[in-house]
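Contents: one structure, followed by commentary.
The values are calculated or read from the model by the stated rules, or taken from the named source; none is laboratory data. None of the values given here were measured: they were computed from a predicted structure. Glycine also receives a Cβ, built like all others from the backbone with ideal geometry; neighbour counts cover every protein chain displayed.
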């Protein structure tokens with residue numbers, strides 16, 4: 001196999017695997033945000049404490 | 001005597017018996033083996049029965065099954081060539097199957113614990129390792145991508161990508177993918193046990209929160225926008241899957257949901273199985289290539305299983321609520337068999353441990369991950 005094919009294969013490997021991760025991480029963040037906005041997932045304890053403090 | 005009856009002579013020399021070769025007989029045995037495995041062992045019967053029969057039909061000499069017949073100087077498609085050209089080669093059937101899969105899938109476990117999407121991504125490791133391995137075996141870069149996707153353990157995605165990048169490998173790739181999917185309960189457990197400790201296998205996960213109907217309705221819309229914008233070539237598969245899921249979760253189109261899950265899915269499965277089986281004639285299949293593909297397929301499955309398990313262990317280093325690494329292996333798609341394997345292995349370590357619903361999260365995340373991997377291959381290689 002020549003160098004050009006190797007470098008293309010390496011690009012596909014790195015780009016592809018990174019792309020899969022980034023796509024699913026972005027979907028994960030979107031799902032988390034959706035759950036918070038729809039009020040189905042309670043904010044973390046830390047956030048809740050801050051909100052309590054803010055509310056006096 | 002036969003020479004005195006030219007019509008009889010013509011009938012005799014036009015029987016397939018005169019053209020039978022040893023390769024045809026070998027393919028008959030392959031066909032019978034798959035039908036036997038489907039009926040007797042219950043290995044993916046919905047697919048292996050039509051695939052096995054398609055192989056038999058395609059290896060009957062002179063039978064107008066695949067390819068073209070010539071009548072009056074015009075070429076006419078043969079029966080299964082119609083199914084193949086309009087269903088598989090133009091990617092219609094895999095997308096319709098995905099609609100059915102979406103209508104059958106409950107994304108609730110994944111919405112309740114979205115961190116498992118990372119396991120679905122890690123379980124694509126085998127796709128890329130077998131992609132590289134295929135290059136070393138001498139396959140072209142497009143062929144290597146179509147072989148690599150076998151590691152995603154998702155039949156329709158494998159067929160979708162192979163039909164675009166390397167259609168001549170369709171039969172071997174599809175057969176490897178479905179054969180190994182049927183063998184998930186044999187392939188995965190040794191790898192899962194090798195990579196985990198007894199204590200890790202005993203980890204009990206907290207019961208998942210309830211997912212509201214509103215979340216389940218919004219998810220397919222959100223998923224469509226996020227995935228199809230990020231990886232547009234995955235849109236035909238993902239769009240259809242999320243549409244099927246919206247049918248299911250909306251609760252107002254039960255007839256459509258039922259049709260997508262049952263009649264439509266069953267009809268296209270028949271066409272898909274027959275078309276894939278009929279691509280496997282002796283001339284194209286009895287070569288070293290399919291053997292290499294089967295070797296690379298098992299490498300892909302094994303590496304994907306390992307990728308999911310190892311990622312779960314890595315995540316445990318940072319998570320307060322630990323996840324059982326056995327659910328990582330379910331990231332290889334193969335819904336729901338891979339999730340069941342996680343459940344069985346978990347119960348071997350602790351019979352009071354119930355991992356099935358936890359494993360369904362990475363399982364459906366793996367379906368999305370494989371479709372994204374296929375879309376990225378198309379972006380880079382088409």
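Overview of results
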quantity: Residue within region B:360-381 that is crowded, with 18+ Cβ neighbours inside 10 Å and away from chain A (no Cβ under 14 Å) present; calculated: yes
quantity: Residue among B:115, B:40 that is surrounded by 16 or more Cβ atoms within 10 Å (Cβ to Cβ) and over 19 Å from the mean Cα position of the chain (by Cα); calculated: B:115
quantity: Yes/no for residue B:137 being more than 29 Å from residue B:313 (Cα to Cα) and modelled with pLDDT under 95; calculated: yes
quantity: Boolean, residue B:191 is without any contact (Cβ under 8 Å) to a residue 40 or more places away in the chain, farther than 23 Å from residue B:88 by Cα and assigned by TED's automatic domain parsing to the domain that holds residue B:102; calculated: no
quantity: Members of region A:1-24 that are within 9 Å of the chain's Cα centre (by Cα) and either facing chain B (nearest Cβ under 7 Å) or modelled with pLDDT under 90 (or both); calculated: A:21, A:23, A:24
quantity: All positions within region B:330-359 that are closer than 15 Å to residue B:154 by Cβ and in a helix (DSSP H, G or I); calculated: B:330, B:331, B:332, B:337, B:338, B:339
quantity: Odd one out for residue B:220, checked against (1) surrounded by 18 or more Cβ atoms within 10 Å (Cβ to Cβ); (2) out of contact with any helix residue (DSSP H, G or I) (no Cβ under 7 Å at 6 or more places or on another chain); calculated: (2)
quantity: Count - residues of region B:214-244 that are more than 7 Å from every other protein chain (Cβ to nearest Cβ) and either within 20 Å of the chain's Cα centre (by Cα) or without any contact (Cβ under 8 Å) to a residue 40 or more places away in the chain (or both); calculated: 18
quantity: Enumerated helices (runs of 4 or more DSSP H) restricted to region B:153-267, each holding at least 1 residues that are modelled with pLDDT of 95 or more; calculated: B:155-165, B:184-195, B:198-201, B:213-230, B:235-250, B:254-261
quantity: Flag for residue B:140 being touching a residue at least 40 places away in the same chain (Cβ under 8 Å) and touching a helix residue (DSSP H, G or I) at 6+ places or on another chain (Cβ under 9 Å); calculated: no
quantity: Residue match in region B:96-114 (condition: touching a residue at least 24 places away in the same chain (Cβ under 8 Å), assigned by TED's automatic domain parsing to the domain that holds residue B:222 and more than 30 Å from residue B:208 (Cβ to Cβ)); calculated: yes
quantity: Selected residue (criterion: surrounded by the fewest Cβ atoms within 10 Å (Cβ to Cβ)) from residues of region B:14-33 that are under 16 Å from residue B:51 (Cα atoms) and without any contact (Cβ under 8 Å) to a residue 60 or more places away in the chain; calculated: B:29
quantity: Output for region B:68-81, where each listed residue is within 18 Å of residue B:281 (Cβ to Cβ) and out of contact with any strand residue (DSSP E or B) (no Cβ under 8 Å at 6 or more places or on another chain); calculated: B:79, B:80
quantity: Region B:83-108, residues that are buried (at least 24 other Cβ atoms within 10 Å of the Cβ) and either more than 24 Å from residue B:270 (Cα to Cα) or within 14 Å of chain A (Cβ to nearest Cβ) (or both); calculated: B:107
quantity: So residue B:56, is it surrounded by 19 or more Cβ atoms within 10 Å (Cβ to Cβ), in contact with a helix residue (DSSP H, G or I) (Cβ under 6 Å, 6 or more places away or on another chain) and over 18 Å from residue B:177 (Cβ atoms); calculated: yes
